[in-house]
């Protein structure tokens, strides 16, 4: 039931035809007095349907039909067991709320609230131009990478999920070798902190940069406005093929297998 519910909520913003659904969404639902937080990603949408990834349940490119009427929307999908899922929602300011019904022997009704994240860089798009000065005084742009894939990795030593991702990144780099380049941008205040971390814990043998201004930096505001850890996996054509939570420690291996291997 959890994965079914997760994939439903995201379609509500079709109520505003000028609004772009693509991107990462955060929210929660409640059903049978159980509250669950969600993080979903919209790949594409048109007037009749929406395609959604729910990384928590390893469900990708699942499509739901939509119907709009006045200020309401009805979303439907028949799951693999033949059960009809129906969702009805309305727009309320910057958030979207509503109720959903799972039709079956025991009818289940849930409530939800969902909001779009501030991230504006989406899968399938070409990554914007950027320029970073590394700790080795090298200027890196999106044209500086010659491998098949590269990763822009935002992290900090004080971020526990970021630290948990370090060994996974090292394993991935060792496995892919020259096929994958990585640049890690730390939001630590001092480079000495990162340097000590690399010496004592994970060397991370790739390019590094630091942005001590953190979210006061226009670069961070554009590329990592939703917090840490965050990152982008980009192919040799500059297209973003994975983003955000898909590249966190618990999803990194499965994401790489799904999009690369």
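None of the figures in this text is laboratory data; all of them are computed from the coordinates on show. Model, not experiment: these values are computed from the prediction. Every residue, glycine as well, gets a Cβ built from its backbone with ideal geometry; the counts of neighbours run over all protein chains shown.
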Can you pull out the strands (runs of 3 or more DSSP E) entirely within region 205-261 that have at least 1 residues that are more than 22 Å from residue 192 (Cα to Cα) and out of contact with any helix residue (DSSP H, G or I) (no Cβ under 8 Å at 6 or more places or on another chain)? 230-235, 240-243
Can you give me the number of residues within region 125-138 that are within 14 Å of residue 208 (Cβ to Cβ), out of contact with any helix residue (DSSP H, G or I) (no Cβ under 9 Å at 6 or more places or on another chain) and assigned to a strand (DSSP E or B)? 1
Which ones in region 183-193 are out of contact with any helix residue (DSSP H, G or I) (no Cβ under 6 Å at 6 or more places or on another chain) and either closer than 28 Å to residue 39 by Cα or free of Cβ contacts under 8 Å to residues at least 40 places away in the same chain (or both)? 183, 184, 185, 189, 190, 192, 193
When the residues of region 143-162 are filtered to those that are touching a helix residue (DSSP H, G or I) at 6+ places or on another chain (Cβ under 8 Å) and under 24 Å from residue 215 (Cα atoms), which remaining residue is surrounded by the fewest Cβ atoms within 10 Å (Cβ to Cβ)? 157
Report, by residue number, each residue of region 35-56 that is loosely packed, with under 14 Cβ neighbours inside 10 Å and not in a strand (DSSP E or B). 46, 47, 48
